[in-house]
Amino acid sequence: MEDRLIPTPRTLDDVEIRSRETIGQGWGKLERFTFRHRRFDGTWSDVMTRDMYTIAEVAMVIPYDPALDAVVLIEQFRTCGLVWNEATWLFEAVAGIVDPGETPPQVAKREALEEADCAIGEPVLIGKLFSSPGGYGERTYVYAAKADLSGIGGVHGLAHEHEDIRAVVVPLAEALRATEDGRIRDAKTFLMIQWLATNRGKFT
């Protein structure tokens, strides 16, 4: 059978950006791109306009304890549900913004300490992902890491960043059930748990 998952070779020469303007600036930046791109038949598309919202580049990590066969997740309020008139306190993996001069693995280690008071081993890269490529420019480095989760828990976070974060240790089997019954609603965390379920042998 033909391998259909070979990416089509592309560079920025295959995109003609007519304009790029910032139309909103707050915690993140909303940009409007006017462009056209090369189509699969070699011709050029019509000129189109798309808006992209970006806060930053991000690193996420799910700490895993092979002795307990458990992970640590965090619970915190997220603004996303207000769009749909929901109160959204979500369970997620640890995450943080990559600041200038930092590497994504360094951020994963720093945020695990800040958000869960958890020291992790060397992060193992799961993937470099775009979570919602139709309108969100955030690029996320997604990791899993070995950790000792005995005694981990409680409420953490940095006051000057308005963080109120509850860390919970749960068996991996319970986290998997949470991806099935709706308790896990963050797409990247969903993926990370599913990946860990089939790759936990990397951390024994």
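Just a few scattered comments:
- Positive minus negative residues near Phe190 (Lys, Arg vs Asp, Glu; Cβ under 11 Å): 0
- Candidates Thr88, Thr179, Thr79: whichever shows maximal mean-square fluctuation once the chain is modelled as a Gaussian network with Cα springs under 10 Å: Thr79
- Considering helices alone, the calculated mean residue ellipticity of the chain at 222 nm is -5500 deg cm²/dmol, with DSSP H runs of length four and up weighted by -39500 (n - 2.57) and normalised per residue.
- Diffusion coefficient, µm² s⁻¹, Stokes-Einstein with Kirkwood Rh over alpha-carbon pairs of the stretch 1-89 at 10 °C and 1.306 mPa s: 88
- Remark: the chain carries 59 Å² of accessible area per residue (probe radius 1.4 Å; ligands, DNA and RNA excluded).
- Accessible-area composition of the stretch 118-185, carbon plus sulfur, in percent [1.4 Å probe]: 52
- Charge tally in the Cβ shell below 12 Å around Thr43, where Lys, Arg are +1 and Asp, Glu are -1, Thr43 excluded: 0
- Only protein heavy atoms count here; under a 1.4 Å probe, Ile97 has an accessible surface of about 60 Å².
- Reachable aspartates and glutamates from Lys109, criterion Cα separation under 12 angstrom, eight or more residues apart if same chain: Asp117, Glu122
- When +1 charges are put on Lys and Arg Cβ atoms and -1 charges on Asp and Glu Cβ atoms, the dipole computed for the chain relative to its Cα centre reaches about 560 debye.
- Debye intensity ratio in log₁₀ form over the Cα atoms of the stretch 147-204, taken at each q of 0.25 Å⁻¹: -1.12
- Contact order for the chain, expressed relative to its length and based on alpha carbon pairs under 8 Å spaced 6+ residues apart, stands at 20 percent.
- Apportionment of accessible area to carbon and sulfur, the stretch 4-106, percent (1.4 Å): 56
- Cross-link reach is defined here as a Cα-Cα straight distance under 23 Å, omitting same-chain residues fewer than 8 places apart; for Lys29 the lysines meeting it are Lys128, Lys188.
- Most mobile of Asp51, Asp41, Asp69 in a GNM of the chain (Cα contacts under 10 Å): Asp41
- Net charge of the neighbourhood of Thr204, taken over other residues with C-beta under 13 Å away and scored Lys/Arg +1, Asp/Glu -1, is +1.
- Ordering Leu191, Leu129, Leu68, Leu196 by accessible surface, largest first, gives Leu68, Leu191, Leu129, Leu196; the 1.4 Å probe counts only protein heavy atoms, with every chain in place.
- Protection proxy ranking, highest mean first, for peptides 8-20, 108-120: 108-120, 8-20, where packing is the per-residue count of other beta-carbon atoms within 10 Å, averaged.
- If you take the alpha carbon atoms of the chain and fit the smallest convex hull around them, that volume is 175 Å³ per residue.
- For the stretch 90-202, the Kirkwood hydrodynamic radius from C-alpha pairs, put into Stokes-Einstein at 10 °C and a viscosity of 1.306 mPa s, yields a diffusion coefficient of 106 µm² per second.
- Across Tyr143, Tyr136, the residue with the most accessible area heads the list, and the full order at a 1.4 Å probe is Tyr136, Tyr143.
The values are calculated or read from the model by the stated rules, or taken from the named source; none is laboratory data. Keep in mind that what you see is a predicted model, and the values were worked out from it rather than measured. FYI the Cβ positions are ideal-geometry reconstructions off the backbone, even for glycines, and counts take in every protein chain you see. Heads up: the accessible areas ignore ligands, DNA and RNA and are worked out on the full protein's heavy atoms, side chains in. Shrake-Rupley method; radii C 1.70, N 1.55, O 1.52, S 1.80 Å.
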